[in-house]
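To start, the structure under review is shown below, and the notes come after it.
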Amino acid sequence: MIAFVSGPVAALAPDTAVVEVGGIGMAVQCTPGTLSGLRVGQQAKLATSLVVREDSLTLYGFADDDERQTFELLQTASGVGPRLAQAMLAVHSPDTLRLAVANGDEKTLTAVPGIGKKGAQKLLLELKDRLGAPVGTGGAGVGSAVTAGWGDQLHAALIGLGYATREADEAVSAVAPQAEAAVAEGGTPQVSQLLKAALQSLNRAR
């Protein structure tokens, strides 16, 4: 198993970072929150989990070991593959997920694209004794970062993808109504969805 990769960031895409390790470019699938902390040309260290399939080898990257361990534990539930596990971590921090499971909070789980009410109920049952108790409320997970300032996270992600500051500013403004609507409804703006919408607005402007 590849526990982590460390080296300069060679390239960034909406869902992937390429990290140069010993002259080899390692493509690592990451959440928008993790990608927003990376910059092309700068050193990075990502905790990783290698998913082996008959026709593919996919490396998933995380900001820290807690996210990686949560990613792997989520997949012990039936019906949860790496993509859904990563989607859950794109929306919520590990502690938010642990708290949701501990409290039987369906609403938090159904905020993840791809999880309906029945799926959330099933996950709550299966994960109850697997994720463990929350370790703190001020963690550096994606969920807490999104709550603290979706605009900063989105702006940093766009800059990391190579867009100019002016373009990033315009894209953040373009998706602001979408984010504000989520807050008004009592939800949390999801950086992954906002990033997709921002990229679409930038493509239309070109």
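The values are calculated or read from the model by the stated rules, or taken from the named source; none is laboratory data. Treat the numbers as computed from the prediction; the structure is a model and nothing was measured. Here the Cβ is made from the backbone with ideal geometry for all residues, glycine too, and neighbour counts use every protein chain on show. Note: areas computed on protein heavy atoms with side chains; ligands, DNA, RNA excluded. Shrake-Rupley method; radii C 1.70, N 1.55, O 1.52, S 1.80 Å.
I'm trying to understand the selection: among the residues of the range 39-75, which are without any contact (Cβ under 8 Å) to a residue 40 or more places away in the chain, open to solvent by less than 60 Å² (accessible area, probe 1.4 Å) and among the polar types (S, T, N, Q)?
Ser56, Thr58, Gln75
Assess whether Ser78 counts as being loosely packed, with under 15 Cβ neighbours inside 10 Å, over 18 Å from the mean Cα position of the chain (by Cα) and in a strand (DSSP E or B).
On the way: loosely packed, with under 15 Cβ neighbours inside 10 Å: yes; over 18 Å from the mean Cα position of the chain (by Cα): yes; in a strand (DSSP E or B): no.
Judged against the criteria, Ser78 is not a match.
Can you find a residue in the range 4-13 that is hydroxyl-bearing (Ser, Thr, Tyr) and surrounded by 14 or more Cβ atoms within 10 Å (Cβ to Cβ)?
Here is the first cut: in the range 4-13, the ones hydroxyl-bearing (Ser, Thr, Tyr) are 6.
Add one more test, that the residue is surrounded by 14 or more Cβ atoms within 10 Å (Cβ to Cβ), and what stays is none.
Within the range 4-13, none of the residues are hydroxyl-bearing (Ser, Thr, Tyr) and surrounded by 14 or more Cβ atoms within 10 Å (Cβ to Cβ).
Hey, could you check the range 99-133 for residues that are farther than 21 Å from Gln190 by Cβ and in a loop (DSSP other than H, G, I, E, B) and say which is most open to solvent (accessible area, probe 1.4 Å)?
We begin by selecting, within the range 99-133, every residue farther than 21 Å from Gln190 by Cβ; these are 102, 104, 118, 121-122, 125-126, 128-130, 132-133.
Going one step further and asking which of them are in a loop (DSSP other than H, G, I, E, B), we end up with 104, 128-130, 132-133.
Values: Gly104: 44, Lys128: 117, Asp129: 144, Arg130: 97, Gly132: 43, Ala133: 73 Å².
Across the range 99-133, the extreme among qualifying residues is Asp129.
Is it fair to say Leu84 is assigned to a loop (DSSP other than H, G, I, E, B) and buried (at least 16 other Cβ atoms within 10 Å of the Cβ)? Full working, then the answer.
On the way: assigned to a loop (DSSP other than H, G, I, E, B): no; buried (at least 16 other Cβ atoms within 10 Å of the Cβ): yes.
Judged against the criteria, Leu84 is not a match.
Take the range 14-31 and flag every residue that is under 20 Å from Val191 (Cβ atoms) and open to solvent by 60 Å² or more (accessible area, probe 1.4 Å).
Residues of the range 14-31 that are under 20 Å from Val191 (Cβ atoms), as a first pass: 14-17, 28-31.
If the condition is that a residue be under 20 Å from Val191 (Cβ atoms) and open to solvent by 60 Å² or more (accessible area, probe 1.4 Å), then Pro14, Asp15 are the ones that fit.
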